[in-house]
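All of the numbers you see were taken from the coordinates with simple rules; none came from a lab. Please read these numbers as outputs of a predicted model, since none were measured by experiment. Please note: Cβ atoms are built from the backbone with ideal geometry, for glycine as well, and neighbour counts cover all protein chains shown.
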Amino acid sequence: METSTIDIYASGICYCSVCADREMSVLEITDILNHENPTGIERNWELSDEDFTSGEPNPSRCSGDDRKQHYLFSC
């Protein structure tokens, strides 16, 4: 069985950015993120309603791989 993975490319106190396969559901990505990179507080990571600070929409297509998307999460 193949395990889906995500690439966490930026993580801070309140926000975390990940790159994941476009075929993955947001729920699946969220579960992996909270398992691999817990927030350390009572709240878990959730998909942010905000766009990226660069102005890109959330989610947005990965410029390095058309099969992936970038997602912004917040806690």
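Couple of notes before you dig in:
- Sorted largest first, extent of the chain alpha carbons per principal axis (Å): 37, 34, 17
- The GluC sites (Glu not before Pro) of segment 14-75 that meet both conditions, a loop assignment by DSSP and at most 16 other Cβ atoms within 10 Å of the site Cβ, are 23, 42, 50.
- Net +/- balance of residues flanking residue 59 in space, Cβ distance below 11 Å, scoring K and R +1, D and E -1: +1
- FRET E, pair residue 42, residue 8, Förster distance 25 Å, beta-carbon r, rounded to 0.05: 0.75
- Among 54, 25, 17, residue whose mean-square fluctuation peaks in a GNM of the chain (springs only between Cα atoms under 10 Å): 54
- Pairs of Cα atoms nearer than 8 Å and 6+ residues apart set the relative contact order; for the chain it is 34 percent.
- Near the amide H of residue 58, within less than 5 Å, lie the amide hydrogens of 52, all on another chain or at least 5 residues away, with H placed in the peptide plane.
- For residue 68, residues with placed amide H under 5 Å, excluding near neighbours: 22, 62
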